[in-house]
Amino acid sequence: MSRPLTADELQAEVDAIMNEPSDEETPEEPFQDSGSSYHPSCESDSSDENVVSGEDYEHSDVSDSRENGSRNPPANERLATTEDISCWTEINDQPKIHDFTGIEGIKVNIPADSSACEVFRLLFDDTLIGKLCDWANLRAMEIVGNVLQKHSTMNRWKPLSSEEFRRFIGLCILMGQIKMPSIKHYWNTKPLYAHPVFGRVMSRNRFEQILRCLCFYKREDERTSRLRKIEQVVNHVRENIQKVYYPGKDISLDEALLLWRGRLLFRQYIPNKSAKHGIKLYELCTSDGYILDCLVYTRNSRGE
């Protein structure tokens, strides 16, 4: 059994430790003395990798805490690497502005005495109206084939024609301008609600028949898009818009919100909009508000 160190021997060992050079490159070895069993509590690694220079000394505590996993560094503490800096280049040249060579204006011949219905047909042409009538008639056949109540108006269904469907669209546009408590009130004959147009254009039962069978796609279509129920109609109208008008050099890209409070996967909430809840659209417009193209925001598969 080793004997304890005397006071002189312990003082000598302490002086030897204090006089050792601090820039030693070899790891410290446990010293031994006659009769002493002392070993250092931990070995220090004084290699060049762990030496903190004077200019970096103030950041040494932060670096040590990161290495020890004591905290996660904030995003603003990330230092720019050489790879990050190399992706940016400084350009002093002004961007080249190309001359506008197009001719702004309407690309189709529209007489000066044209009515609003004739202009409307440039966007909703006969081809699109014919498709909508065919899809509505197919939907009606499916409903009639099911078991209906005895007094259901669908038992008296008649094939929908293009001219009748145009009158239906006209009444829908007029309903947007004249607000009533319900659809039935538009055909009400009481002096408080009576309107001279609706009853003369179409009966209420026929309007409700078309509204029930209204369909914007072929039900056997196997599209997987979230806009599959309206995609064919929207694309057709977009193509007609671009055929009718050629824009000038001043155009703008903005977002709009179409009011909708029903259940919808990609319904948006934008507080600074007047509608707040609805379907978000990205619109490419001219300086006077003519929509050249639009894109419906449907969110991605992850819901972002």
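Condition first: under 22 Å from residue 171 (Cβ atoms), surrounded by 15 or more Cβ atoms within 10 Å (Cβ to Cβ) and among the charged types (D, E, K, R). Can you find one or more residues in segment 194-205 that meet it?
Yes, segment 194-205 contains a residue that is under 22 Å from residue 171 (Cβ atoms), surrounded by 15 or more Cβ atoms within 10 Å (Cβ to Cβ) and among the charged types (D, E, K, R).
Quick one: residue 292 ticks every box in (1) modelled with pLDDT of 90 or more; (2) closer than 19 Å to residue 172 by Cα; (3) hydrophobic (A, V, I, L, M, F, W, C) except a single one, so which number is it?
It is condition (2) that residue 292 fails.
Name the single residue, out of those in segment 244-257 being exposed (fewer than 13 other Cβ atoms within 10 Å of the Cβ) and under 19 Å from the mean Cα position of the chain (by Cα), that is farthest from residue 97 (Cα to Cα).
254
Please find, among 241, 230, the residue that is closer than 27 Å to residue 171 by Cα and surrounded by 15 or more Cβ atoms within 10 Å (Cβ to Cβ).
Values: 230 fails: surrounded by 15 or more Cβ atoms within 10 Å (Cβ to Cβ).
None of the other options fit; the residue is 241.
Residues are listed down the side, and each one gets a yes or a no for (1) β-branched (Val, Ile, Thr); (2) touching a His at 6+ places or on another chain (Cβ under 9 Å); (3) in the same structural domain as residue 121 (by TED's automatic domain parsing); (4) in contact (Cβ under 8 Å) with a residue 12 or more places away in the chain:
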| position | (1), (2), (3), (4) |
| --- | --- |
| 218 | no, no, no, yes |
| 229 | no, no, no, yes |
| 232 | no, no, no, yes |
| 251 | yes, no, no, yes |
| 259 | no, yes, no, yes |
| 266 | no, no, no, yes |
| 275 | no, no, no, yes |
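With 137, 76 as the choices, which residue is out of contact with any Asp or Glu (no Cβ under 7 Å at 6 or more places or on another chain), outside the structural domain of residue 249 (by TED's automatic domain parsing) and either over 18 Å from residue 215 (Cβ atoms) or at pLDDT below 90 (or both)? Steps first, answer last, please.
Working: 137 fails: either over 18 Å from residue 215 (Cβ atoms) or at pLDDT below 90 (or both).
Within the list 137, 76, the selection yields 76.
Identify the single condition in (1) more than 14 Å from the chain's Cα centre (by Cα); (2) surrounded by fewer than 14 Cβ atoms within 10 Å (Cβ to Cβ); (3) at pLDDT below 85 that residue 273 does not satisfy, given that it satisfies every other one.
Residue 273 satisfies every listed condition except (2).
Restricting attention to segment 186-216, and to residues there that are free of Cβ contacts under 8 Å to residues at least 12 places away in the same chain and of a type in the set (S, T, N, Q), which single residue is nearest to residue 128 (Cα to Cα)?
Per the criteria, the residue is 188.
The values are calculated or read from the model by the stated rules, or taken from the named source; none is laboratory data. Owing to the predicted nature of the structure, the values given are computational and were not obtained by experimental measurement. Cβ atoms come from the backbone with ideal geometry, glycine included; neighbour counts cover every protein chain shown.
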